[in-house]
Structures are given as structure tokens and as C-alpha cells.
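Student: Just dropping this structure here.
Nothing in this text is a laboratory measurement; each read-out follows from the coordinates by a stated rule. For clarity, every value in this text was computed on a predicted model and none was experimentally measured. Cβ placement follows ideal geometry from the backbone for every residue including glycine, while neighbour counts extend to all protein chains displayed.
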Amino acid sequence: MHNIWLIAKREYTERIKTKGFLIATILIPLLMGGGLFGVATLAAKSKTTSHIAVLTSQLQLADDLKQELQHGKDSQMTVDILPARTSHALLNQEMANKELDGYLVIVPATDVGRRPTFDFTPRSTADIATSSAIEEALHHVLTKEYLARKGVSESETAALMAPVTLNVLGKNGVHGNSKSSFGVAYVLFFLMYMVVLLYGMNVARSIIEEKTSRVFEVLLATITPDELLAGKILGVGAVGLTQVAIWMAAAGLIAARLGATSGVQISMPQVVYFIVYFALGYALYSAVAAALGAMTNSEQELQQLNMFLMMPLFFSMLMLMPIVTNPNSLMSRIVSQIPFCAPLLMDLRISISMPQPWEIALSIGLILVTIYAVLWVSSRIYRVGILMYGKKPNLPEILRWLKYS
């Protein structure tokens, strides 16, 4: 333990005194939090400003649609009303010249009581915002026309179609903010993603640096490979825990100061479980990274094997939205128990909707078992791999390393 402590202390002090640690501690949460909340704010306040033409013989419908699109909730569009016989070739030429973003053709219904046909030709088929705004505006206009035909007054129609205010209450009955809660969970997810990957890869890079400089040959004269690996993982992990503790303390202070006015709230369980799952996730991924570092001789070779670290994290990112929309579904419960995904996905579920205690205990137990198994394999690869130079091992050779050690 004395040797492990010395290695861990060296790794910790060597990294925590650098300017990079200070910069990362300050900039990473600021950039991630500011970027995510900034994008969300811009998306919420932005309105589509496309310029479209409406071709129809139903002038009242076209005029109502124009008013809706020009002064709608999510649109501030420019609308030209043109005769139905206007040449499509001329409009296509205007779109090619970027003078028009699209045109909507309204064909009157042939049967009484049926809706007209709406054909929209956009300049870009990927312009989802314009298409969605037109669909919503058409729905509002057609609903208003239907109510008017049924004898409903304009004031009654406006009252019926007024937006509904939904009060979101927390468990203690206090008004909350769903968007802020989602934003907090989102930031915590990507913060976990970044720090687990960052510090896991730091272990691999540290091994490659010492392997390249032949420092290992000196160190192994006094300590065993297992002590060296354990000290390296503990030292780099302690740096990560220090950084995470600073982030969580700062987040708690900010939430306490702004929570009453902005609805941003970070609970103590969120902080505790974030630290717990970071420690578990780091231990798991750093063990894999240590094996990768021992098997490679340069940063270039390490990058080729990064897929073994990235694939579970990428899968976790793909499962982000399904879990956010339904955190207690069967699929969410299953994927959040996968050991390589649980640090991110179970912590995400905790931030959104607290799972059953047995689910959290099971995920922690599965991660611990997996950490033991991965460390068992990684330590044996590490014992032989750190002294192998100039040759990229293949699978049969790695299996021989396991047998030799």
C-alpha cells in the first residue's frame, strides 16, 4: 500500500498543479452549461422567417393563413398570396435565385365538408421549421373556420384556442420548471460523459508516455506492475474526483442562489449519485484504457483502439432521448443496468425520475463485478504489455500474455 500511495500521490500532484487542470475545472462546465442552455434559449425564442408564396383561389383562407404565419407563436414569415394559375416554373426559378423559400398550393375540396388539399414545395427539403409552422398555422385556421361555420363567435373561438398554462409541481408541491429540470439532467449527462472519457484516456496516455520514455524499466525495479497500475488509477481518479467535487459544490451554490427565480434546482441525491457513478464509471473505463495503453506504443495506435471506449458511451448518447421521454419503461430499465452504460444512463434516470432503490443497488453491484473482471484482465495485459516495444500485438498474442502472467 505504501508503494501504491506514492504512485497515486505523484500522479495526483503532477496533474493538479498544472494550468490545464485549472482551465478545465473552470471552462468545461461553463462551456457545456452555457452552450446547452444558450442553444435551448435560442431555440425557444427563435422564429422562422421564411418567405413563401400561397397559390389559391380561396382568398379568405389564404388571408387567414397569412395572418397566422406572420404573427404566429413560432413564426414571423413573409407570405405572398398569388392566383392559383401562377406558373410553378416561375416560382421554381425564384427559389433557385433564393428569392423564395417555398410555395404552398391550396386545391379546393371537390366534396362539401371536406378539407382542401395542401401541397408545399420548399427550397430545401430539410427546412423542417417552415413545414411545421405551416402545418400548425393551417390547423389553427381550419379550426377557426369550422367553429365560425358552427356559429361560434370570434371571442369564444379565441378563448377556446388560447394556450393552456400547465403548472408543474414538485413532490413538495412547490412550482417547478420542466425545462430547467431537463437542462440540469442534460448538463449532468454530458458532464459525466466528458469526465469519464477524459480521465479514462488520461490513464492510457500516461502509460504510453512512461512506456516511450522507458521510465517503467526504472520503476519496475522497486515496485510491482500491479502496484504501479493501482497507484496510477487511484491518482488520476483522485484528480477527477477533486474536479467533480468542485463542480458539484459550485453547481449547488448557483442553484441555491438562482433556484427560487429561475427554477434551476440540483438536489443532494443528484450530487451524491453523480459522484458515486463517476467513481464507478472512471474505475471501469480507466481499467480498459490501461490495457489499451499497455498494448500500444504511440498516441496514433491508441486512437485506433478508442472505439472500445467510445462505443458504450456512444450507445448511451443514443439512448438519451428515449430515457428522457420515458425513464421508467422496460427498455430504459434494461439499458441502465448494462455496466458500461449504467454510469451515464442510471445517473440520468436518477436526475429525471428517481428509480426504485433495488434498481440503483443492482446497477452498482453489476458495475462492481464488471470492474473486478476488467481489472483482472487488464492487470495481466498490463504486466506484460508495458515492457513490449515496437510491436502491435494481435489477439492470439494478448491471450498468451494472459497465460504468461
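Student: If the reach is capped at under 20 angstrom between alpha carbons, list the aspartates and glutamates near K232, excluding any in the same chain fewer than eight residues apart.
Tutor: E11, E14, E209, E210, E217, E299
Student: A further question follows. Taking the Cβ of each residue in W358, W376, W5, W247 as the centre, tally the other Cβ atoms inside 10 Å and list the residues starting with the fewest.
Tutor: Sorted ascending by nearby Cβ count, the order is W358, W376, W5, W247.
Student: Also: What aspartates and glutamates sit close enough to K144 to cross-link, taking a C-alpha to C-alpha distance under 17 Å and skipping anything fewer than 8 places away on the same chain?
Tutor: Here the aspartates and glutamates satisfying the reach criterion relative to K144 are D63, D64, E68, E135, E136, E154, E156.
Student: Quickly work out the F182-to-A158 label distance, labels modelled 7 Å from Cα along the C-beta direction, and quote it in nm with one decimal.
Tutor: Distance between the two pseudo-spin positions: 3.0 nm.
Student: Using the count of nearby Cβ atoms within 10 Å as a rough guide to exposure, how do F120, F189, F21 rank from fewest to most?
Tutor: Ordered from fewest to most neighbouring Cβ atoms within 10 Å, F120, F189, F21 come out as F21, F120, F189.
Student: Right, something else. Can you give me the relative contact order of region 48-160 as a percent, contacts being Cα pairs under 8 Å and 6 or more apart? Let's see the in-between values first.
Tutor: Working: 146 pairs, mean separation 30.9, N = 113.
Averaging sequence separation for qualifying contacts and normalising by length gives 27 percent for region 48-160.
Student: Which of the aspartates and glutamates could be linked to K47 by a straight reach, that is with a Cα gap under 12 Å, when you skip same-chain ones fewer than 8 residues away?
Tutor: D74
Student: Please tell me the relative contact order of region 102-162 in percent, rounded to the nearest whole number, where contacts are Cα pairs under 8 Å and at least six residues apart. Provide the component values of the computation, followed by the final result.
Tutor: On the way: 33 pairs, mean separation 12.6, N = 61.
The value is 21 percent.
Student: If you take every DSSP beta bridge whose two residues both sit in region 48-160, what share of them, in percent to the nearest 5, is antiparallel? Numbers along the way, then the final one.
Tutor: Values: 6 of 16 bridges.
Around 40 percent antiparallel, to the nearest 5.
Student: Just want the ordering: M319, M192, from fewest to most Cβ atoms lying within 10 Å of their own Cβ. Intermediate results must be reported in sequence, preceding the final value.
Tutor: Working: M319 19, M192 24.
Exposure proxy ranking, most exposed first: M319, M192.
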